[in-house]
Structures are given as C-alpha cells and as structure tokens.
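To start, the structure itself, in structure tokens.
Taken together, the values in this text are just the output of simple stated rules run on the coordinates, not laboratory data. Only a predicted model underlies this, so the values are computations on that prediction, with no experimental measurement involved. Ideal geometry is used to build each Cβ from the backbone, glycine not excepted, and the neighbour counts take in all protein chains shown.
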Amino acid sequence: MTGQDWIEKDFYAALGVPKDADDAAIKKAYRKLARQYHPDHNPGDAAAESKFKEIGEAYAVLSDTEQRQQYDAVRAMGGGGARFNAGPGGAGGGFEDVFSSMFGGGGAGPNVRYGGQSGYGQQQSAGFEDLLSQMLGGQGAPRQRAGFGAPPRSRGADVAARATLPFRAAVEGSTVELTVDGRKLTVRIPPGVVDGKKIRVRGRGRPGTGGAEAGDLVVTVHVEPHPVYSIDGSDLRITVPVTFAEAALGTTVEVPTLDGQSVRAKVPAGTPSGRVLRVRGRGVPGKKGAGDLLVTVQVVVPQKLSRKAKEALEEFAAASDHQDVRADLARRAAQ
C-alpha cells in the first residue's frame, strides 16, 4: 500500500462506521462484514473477494491505535481524498497545493515533487513517507505490519475435512492421516468421540496474510455403528434381553464387554423392561479413569407358546391378585 492509497481510501466507509467509532464498534463491524464476504462463503465471487480484502485492509489500520492516528492525520491533510500530482505543473488542488497552503506558500513550491527526483539541478525532494515522518514528529510512515508496502492482516481461512472411524477406534481414541490442500496431516482423535463430532486443530488451516495467524482445521468425525454398543459421553450402552420369568423372579446375567471379556450383572426380582443397570469402570477409557457400562434390561415376550407353557401362564394369571396396572393411566393423562 502506498501513501497515496491512504489519502484516497476511506477505511471508515469500507467498514461502515463513523470516524469517531470506538474500537469495539470497529471490531464488530469488521467481524460482521468478514463473515458476509469471506471467500469460503462466496466461492468464485471475485467481487466478494475484493470486498473481503478491502475490509481486511481497513481493519488492519483502524484497529491499531498508532496507525489510526497517522491515517487520520494524513486524511486531514489531504482533505479526505485529494489526488497526488507527481510532476510539476500538474492540475491545481493536488497534494502540493495542500502543503503550499499549510506552509504559507513556501513549504512545498512547484520545484518539489513528492516521492521522486525533483529534476531541478542537484536538488532531491523528500519522498512522501519522509514528509510524513517529519510532520508526525519523526515517527515515520505507518509500520510495515499493515501500512505502506505490506498486505493487510487477515486470519487464514478454516479448512474442513472428514474422517471415518471404526466404533472400537472411536471408543479407544485413534490417529487419522488426512490430506488437506496437498498437505499430509496427522490428527489425534480423543477417546469417546461420537458420530458427527467436530475436532478443531488450531493453526492447521490456510495461512494468514500480513503475518496474521493461520486458520484451523475442522475435522468432522463419522463413527461406524456397532451392532451392540453405543457411546454416551464417557459411558458405553448395551441392551441385554431377559425372559419374563428372569425379570419377575430375578437373575444374574453375563454381559459382554468391548474388550472381549464379560461381567456379571444382577437383575433384581421385579425388574421392569427398560431399567438400566450400571457396571462401574467398563466404559470409555479416559485420563480420569474409564466410564461405566450401562446395561438396559429388555424383557422379551415370547411370540409363540407351547400348550404347556400357555396353560402355566393362564394359571399364573388366575393366581395373581388381578391388579389393574393401568388404573392410574387415565388420571395422569388428564393432568
């Protein structure tokens, strides 16, 4: 960016903020516009890309207190948009006239050309940045971070990727190899990741401009389903079928675990279908210990009964106390 650019470009207008806007208002405006015109949201749109660069350039200057002061001073001297006439005899109303009027007509006469050789004898005029340095108390031109000759600071774009994991690898944690923008990256997937989880890896996205930080890599994980288990945070879930007699009388069942072993779980007498039994420490491994194995009891109703089983069931029904298990249903439904 050249000195003339600072005179010609209205950074406040680019961000849509007044000249007395505070830092918070400038940041808010920039973030809103950056989201709107980000290249990832406007693929192939040259106008949006140009606008994105324009607001990045504006924010880089206005977000820096020292550069903003220098920019305001330059704009004030140039009338907020005066043209710079590079040669002698140029059109009136140019930057030389501004200096001439400021210094009583003698500060920058017609024999001075800003930013180049004077062409008159051995005299060499000061460049535009040197004039700024003198007028701003020796501070020099705006810093290279986002001033003259440097691109605007803009954080790099995030990059999206996908990874598919077998269920067991999702439970235990794993690493995946990804190719992103021609780069091979290794990403660590923590234990217990669920389907659809997004893993953010800082600084592995596209590089920033003007020395700004790189974007992030965002990996969406797909977990292949398991026929028996499911992940619930740090716990594993499994459904175990039991017979009506086992649920009514109570029993102990063998429950398989993900590591190929099994644990014994006690089913108390009178256990209804859907009750969850907890087996400590047999869930997802973690830094603070493994989660639990949650065993859901499912009472299986036989689809076919032998004559003897049917007669026994009828005798059971006749011998029961004929309790109406739906007696309270209508009252609760009316609430």
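Some points to look at:
- Using the Cβ-Cβ distance between Ala73 and Ala46 with R0 set to 35 Å, the FRET efficiency from 1/(1 + (r/R0)^6) comes to roughly 0.55.
- Of the trypsin sites (Lys or Arg not before Pro) in the stretch 188-221, the ones in a loop by DSSP (not H, G, I, E or B) with at most 14 other beta carbons within 10 Å are Arg202.
- Put a dot 7 Å past the Cα of Val194, heading toward its Cβ, do the same for His322, and the two dots end up 4.8 nm apart.
- Taking 7 Å steps out from each Cα toward its Cβ at Asp23 and Thr65 produces label points 0.7 nm apart.
- The residues packed around Leu185, meaning those with a beta-carbon under 15 Å from its beta-carbon, carry a net charge of +4 if Lys and Arg are +1 and Asp and Glu are -1.
- Each other residue within a Cβ distance under 13 Å of Tyr37 adds +1 if Lys or Arg and -1 if Asp or Glu, for a net charge of 0.
- Residue order, fewest to most beta carbons within 10 Å, for Lys308, Lys51: Lys308, Lys51
- Share, in percent, of DSSP beta bridges within the stretch 159-223 that are antiparallel, nearest 5: 60
- By other beta-carbon atoms within 10 Å, ranking Glu54, Glu315, Glu66 with the fewest at the front produces Glu315, Glu66, Glu54.
- Counted by neighbouring Cβ atoms within 10 Å, the residues Asp40, Asp324, Asp72 run from fewest to most as Asp324, Asp40, Asp72.
- Förster radius 45 Å - calculated FRET efficiency between Arg278 and Arg331, Cβ distance, rounded to 0.05: 0.90
- Between the stretch 205-257 and the stretch 9-41, the Cα center-to-center distance that results, in Å: 42
- FRET E, pair Asp232, Thr164, Förster distance 25 Å, beta-carbon r, rounded to 0.05: 0.75
- Under 15 Å, Cβ to Cβ, from Pro268 - net charge with Lys/Arg +1 and Asp/Glu -1: +3
- Given their separation in residues at 0.36 nm each and the Cα-Cα distance between them, Leu313 and Phe244 gain 23.7 nm when the chain is fully extended.
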